[in-house]
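Accompanying notes for the structure given below.
Only the coordinates and a few stated rules stand behind these numbers; no lab work does. A quick note: this is a predicted structure, and the numbers were derived from the prediction, not measured. Every residue, glycine as well, gets a Cβ built from its backbone with ideal geometry; the counts of neighbours run over all protein chains shown.
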Amino acid sequence: QKQMGLKDYYKNYFPIGVAVSAHNVLSSDTTFILQQFNSLTPENAMKMGPIHPKENEYNFKEADAIVNFAQRHHLKVRGHNLCWHEQTPDWIFKDANGGLVSKEVLLERLKQHIFTVVNRYKGKIYAWDVVNEAVDDDSTRLLRNSLWYQICGIDFIVKAFEYAHEADPNAILFYNDYNTERPEKRARVLQLMQQLKALKVPVMGIGLQGHWSIYEPTQTDLQQTIQSFAALGLQVQITELDVSIYPWEKKLRPKTEKDIDAYTPELEHKQDEQYKMVFKVFRANKQKITGVTFWNLTDRTTWLDNYPVPGRKNYPLLFDANYQPKKAYWDVVNFKQ
Ligand code: G3I
């Protein structure tokens, strides 16, 4: 009998995805991936920097490898992402003299980029993170003061969605961001979504990244977040889930805990409780949630190793460094159907 995986336990709820590199899908990780997941997100391969390093040069190799693997095995793919302030190549903002380009030129380049990438994977990528992390963390302004914003104002967001929709009218288009459960940031992301809706921008979903910790979010904040975005008519996906054993904010750390801590049974227990809670909320909202994706495969390697504290290991996923399910895994899958 075939062993069940996350995707099987959750088949009546939503697809369960994972962020991957091309290396993951070309290595012995494939057995594990195919057993547990039915959706993939390229962790880095489709970002503008890696995929479009120069104006007339695209590098599709890694992105193609991921999409081809998904096609062969009937996995869904979420595209990530079309417009962001990080991992963006320098050339896109620069004119021939090294100065900044005009808004018209930048939007034209954005259009070419989006048309080329979206068109290449049309019919193979069902959802795109069109704009990533455009809302500021600081409450004094709505939008992050990136070069995109400095040159285009809010129009880079409006246009990115319009271009993506034109390139693939069937793709589900997401705005994706982090800390969306914190009431202050949530309010600002909601404000942006309302503005886009009022402008008839084809934004169809909200990606809650879900880079959480054993300290946050609370059940109430999570529930309220899912509900308030769904109330705007957006489908909700958890796009980059992990549960750090360290707090994101120093002030959330109890005095007894150190900056760098061993993965003690107590921390693992708290993490287990947090995973149980968030999946309970996801299941209760299955009408609103159309996907849950983990950010990396196992605790062997995660983007949280050394981030934001160099030299610090983290253990944020449901599988240990030997690809074995942790207790939290069993608590997430053993629920009453
Ligand atoms: O590919 C180069 C390699 O050639 C070079 O030798 C090496 C040396 O540092 O760097 C490699 O690039 C790294 C890349 O990951 C691939 O491993 C970059 O330095 C590194 O900055 C990059 O980090 C990624 C990060 O986004 C970039 O900001 C993480 O892997 C990726 O997990 C992370 O993902 C983001 C989401 O896209 C958006 N939400 C937040 C999330 C976590 O930051």
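Where nothing but the Cβ of Lys and Arg (+1) and of Asp and Glu (-1) is charged, how large is the charge dipole of region 75-122 around its Cα centre, in debye to the nearest 20?
In debye, rounded to 20, region 75-122 gives about 380.
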If one computes the Cα centroid of region 147-185 and of region 99-127, what distance in Å separates the two points?
-> 12 Å
In region 61-192, with Lys and Arg counted as +1 and Asp and Glu as -1 at Cβ, which of these residues, Asn176, Val135, Ala187, has the Cα nearest the positive end of the dipole, that is, farthest along it?
-> Asn176
Classify region 33-192 as rounded, prolate or oblate from the Cα gyration tensor: take a ≥ b ≥ c as the square roots of its eigenvalues, call it rounded if a/c is under 1.5, otherwise prolate when a/b beats b/c and oblate if not.
-> oblate
For Leu304, Leu196, what ranking results if the residue with the fewest other Cβ atoms within 10 Å of its Cβ goes first?
-> Leu196, Leu304
Only loop residues by DSSP count here, and only those with at most 13 other Cβ atoms within 10 Å; note down the trypsin sites (Lys or Arg not before Pro) in region 231-285 that meet that.
-> Lys255, Lys258
Given region 155-269, what percent of its DSSP beta bridges are antiparallel, to the nearest 5?
-> 0 percent
What is the chain's relative contact order, in percent, from Cα pairs under 8 angstrom and six or more apart in sequence?
-> 15 percent
Applying the gyration tensor rule to the Cα atoms of region 140-209 (axes a ≥ b ≥ c; rounded if a/c under 1.5, else prolate if a/b exceeds b/c, else oblate), the class is oblate
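Can you check how the C-alpha radius of gyration of region 252-333 compares to 2.2 N^0.38 Å, as a plain ratio?
Here the Cα radius of gyration is 1.19 times the empirical estimate.
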Separation between the Thr220 and Glu184 pseudo-spin-labels, each 7 Å from Cα along Cα→Cβ, expressed in nm?
-> 1.8 nm
For the pair His74 and Thr301, how long in nm is the line joining their label points, each one 7 Å along Cα→Cβ?
-> 3.0 nm
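I need the shape label for region 7-50. Rule: rounded when a/c is under 1.5, else prolate if a/b > b/c, else oblate, with a, b, c from the alpha carbon gyration tensor.
Oblate shape, in that a/c is at least 1.5 and b/c is the bigger or equal ratio.
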Given unit charges at Cβ for Lys, Arg (+) and Asp, Glu (-), the dipole magnitude of region 110-151 about its Cα centre in debye, nearest 20, is 420 debye
Dividing the Cα radius of gyration by the Kirkwood radius, what Rg/Rh value follows for the chain?
-> 0.95
Say each of Val105 and Lys124 gets a label point 7 Å from the Cα, pointing the same way as Cα to Cβ; how far apart are those two points in nm?
-> 3.3 nm
Of Ile51, Gln274, Val309, which is farthest along the charge dipole of the chain in the positive direction, counting Lys and Arg as +1 and Asp and Glu as -1 at C-beta?
-> Gln274
Antiparallel as a % of all DSSP beta bridges within the chain, to the nearest 5?
-> 10 percent
Along the dipole axis of the chain (charges at Cβ: +1 for Lys and Arg, -1 for Asp and Glu; origin at the Cα centre), the most positive-end residue among Tyr246, Val332, Val77 is Val332
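Arrange the following residues from fewest to most other Cβ atoms within 10 Å of their Cβ: Glu57, Glu216.
Glu57, Glu216
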Ranked list, fewest to most other Cβ atoms within 10 Å of each Cβ, for Val281, Val117 | Val281, Val117
Using the Cα centre as the reference, give the magnitude of the dipole from point charges on the C-beta atoms of region 116-237 (Lys, Arg: +1; Asp, Glu: -1; all else neutral), rounded to the nearest 20 debye.
-> 320 debye
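For region 102-214, what proportion of DSSP beta bridges, expressed in % and rounded to the nearest 5, is antiparallel?
Here the share of antiparallel DSSP bridges comes out near 10 percent.
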Protection proxy ranking of 8-15, 77-84, 321-328, 34-41 - average other beta-carbon atoms within 10 Å, highest first = 77-84, 34-41, 8-15, 321-328
Any idea what the relative contact order of region 181-330 is, in percent, if you count C-alpha pairs under 8 Å spaced at least 6 apart?
-> 23 percent
Name the trypsin sites (Lys or Arg not before Pro) in region 156-247 that are in a loop by DSSP and that have at most 16 other C-beta atoms within 10 Å, would you?
-> Lys200
Comparing Phe93, Phe161, Phe174 in a Gaussian network model of the chain (Cα, 10 Å), the one with the largest mean-square fluctuation is Phe93
Looking at region 256-302, what % of the alpha carbon pairs are farther apart than 15 Å?
-> 64 percent
